[in-house]
Amino acid sequence: MSDRLKGKRAFVTAASVGIGRACAAAFAREGATVFATDIDEKGLATLKNEGIADVARLDVRDSAAVAAAAKRVGKMDILLNAAGFVHHGTVLDCSDEDFDFSFDLNVKSMHRTIRSFLPDMIEGGGGTIVNISSAAGVFKAAPNRYVYGATKAAVAALTRSVAADFIAKGIRCNCICPGTIETPSMLQRAAAAGPNGREMFVSRQPMGRLGTAEEIAALALYLASDESAFTTGVAHVIDGGWTL
């Protein structure tokens with residue numbers, strides 16, 4: 001541990017598994033006081049072994065709950081938004097309900113958290129926000145990712161808007177755009193695709209492998225730290241060459 005986040009306070013959503021969990025653990029290892037949230041309370045309970053200071057159930061689709069969580073924990077130096085859902089299908093497979101759910105969870109959840117935490121960040125002299133977007137929708141279209149791609153493009157635009165509006169207030173806002181990352185949810189999608197589902201996902205990666213949640217967390221750690229103090233409003237692609 002090199003204490004890259006020593007003395008900083010970080011709030012992480014969707015922290016029980018996958019990218020959110022890897023980011024929460026990485027932040028804690030580097031000295032941050034981490035507040036980890038998710039709707040998966042069993043997964044959250046296991047984070048206590050990762051040095052997480054506080055875990056709490058939070059549905060990021062609930063505006064009142066998000067505002068109450070921000071009030072409870074107080075001023076944060078770091079906000080990591082990792083909540084998201086991957087809808088499978090084209091526009092013809094996307095009902096109004098599917099569309100609304102995807103935008104609510106993937107985009108409006110970030111609106112809720114940023115709106116709730118930003119005032120204290122500004123009053124406290126600044127902070128950094130890291131949003132998990134995707135290479136799909138921002139840098140390249142992917143088959144059967146119609147509304148998912150639309151939400152992730154919206155996250156990148158939201159990120160740039162926050163960065164532009166509050167750059168003079170000490171706020172930095174960046175997003176990470178992963179390619180295919182081996183997480184529990186990704187493996188579920190692979191299994192649903194058939195016995196060779198994982199191999200199918202691997203085959204479209206130029207590097208011949210999937211990314212890891214820890215690799216995404218390493219970039220999130222950089223963006224959360226003072227090492228990236230001159231970086232804001234950027235969509236950082238980390239996809240093993242998928243968009244080349």
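Quick look at the numbers
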| read-out | value |
| --- | --- |
| Test: residue in the stretch 146-164 that is loosely packed, with under 15 Cβ neighbours inside 10 Å and more than 16 Å from residue 233 (Cβ to Cβ) | no |
| Helices (runs of 4 or more DSSP H) contained in the stretch 13-100 and holding at least 1 residues of a type outside the set (D, E, K, R) and over 19 Å from the mean Cα position of the chain (by Cα) | 41-45, 63-73 |
| Per-region count, the stretch 151-190, residues in contact with a Lys or Arg (Cβ under 8 Å, 6 or more places away or on another chain) and over 21 Å from residue 219 (Cα atoms) | 2 |
| Which listed residue, of 213, 193, is surrounded by 13 or more Cβ atoms within 10 Å (Cβ to Cβ) and in contact (Cβ under 8 Å) with a residue 40 or more places away in the chain | 213 |
| Candidate set from the stretch 43-64 (those that are of a type in the set (D, E, K, R) and modelled with pLDDT under 95); member that is surrounded by the most Cβ atoms within 10 Å (Cβ to Cβ) | 50 |
| In the stretch 216-244, the residues that are surrounded by fewer than 19 Cβ atoms within 10 Å (Cβ to Cβ) and either of a type in the set (Lys, Arg) or at positive phi (or both) | 233, 241 |
| Subset tally (residues that are surrounded by fewer than 22 Cβ atoms within 10 Å (Cβ to Cβ) and either of a type in the set (Ser, Thr, Tyr) or at positive phi (or both)) for the stretch 103-132 | 3 |
| Qualifying position, being in contact with a Pro (Cβ under 9 Å, 6 or more places away or on another chain) and either buried (at least 24 other Cβ atoms within 10 Å of the Cβ) or without any contact (Cβ under 8 Å) to a residue 24 or more places away in the chain (or both), among 39, 19 | 19 |
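The values are calculated or read from the model by the stated rules, or taken from the named source; none is laboratory data. These figures come from a predicted structure and were not determined experimentally. With ideal geometry, Cβ positions are generated from the backbone for all residues, glycine too; neighbour counts draw on all protein chains shown.
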